[in-house]
1. Let's see if you can work this out: charge +1 on each Lys and Arg Cβ, -1 on each Asp and Glu Cβ, no other charges. What is the dipole magnitude of the stretch 12-80 about its Cα centre, in debye to the nearest 20?
2. Please work out whether the stretch 12-80 counts as rounded, prolate or oblate from its C-alpha gyration tensor, where a ≥ b ≥ c are the square roots of the eigenvalues and a/c under 1.5 means rounded, while otherwise a/b larger than b/c means prolate and anything else oblate?
3. For THR28 and VAL12, compute 0.36 nm times the residue count separating them, minus their Cα-Cα distance, and round to one decimal in nm.
Amino acid sequence: MNLTKLDFNEMVTLSGNQVITTSLKVATYFAKRHLDVFRTIKRLDCSGEFTERNFSLYHKIASLQNNKPQPFYNMAKDEKKKVGRQQV
């Protein structure tokens with residue numbers, strides 16, 4: 001991975017006072033399939049309170065999938081590292 005070409009401003013977004021990213025961006029950053037990253041997040045062994053505080057499920061319309069909603073997670077800044085390092 002060539003970090004010199006990565007624009008970290010595109011990796012994260014400010015939401016209120018919290019820095020967040022998405023499972024889609026994590027998949028791109030770590031060169032993983034999004035489906036694998038998504039499944040890894042779903043399978044994390046965390047308390048319900050932790051998961052609710054750090055991972056929010058959203059959907060976007062995917063034009064390449066006949067306009068079907070594509071699920072993805074918004075996640076707190078530090079959680080992307082944990083997910084990206086998981087074996088998926």
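1. Dipole of the stretch 12-80, to the nearest 20 debye: 320 debye.
2. Verdict is prolate for the stretch 12-80.
3. 4.5 nm
Computed from the coordinates by the stated procedures, all read-outs in this text should not be read as laboratory data. Everything numeric in this text was worked out from a predicted model, so none of it was measured. Virtual Cβ from ideal backbone geometry, glycine too; neighbours counted across all protein chains shown.
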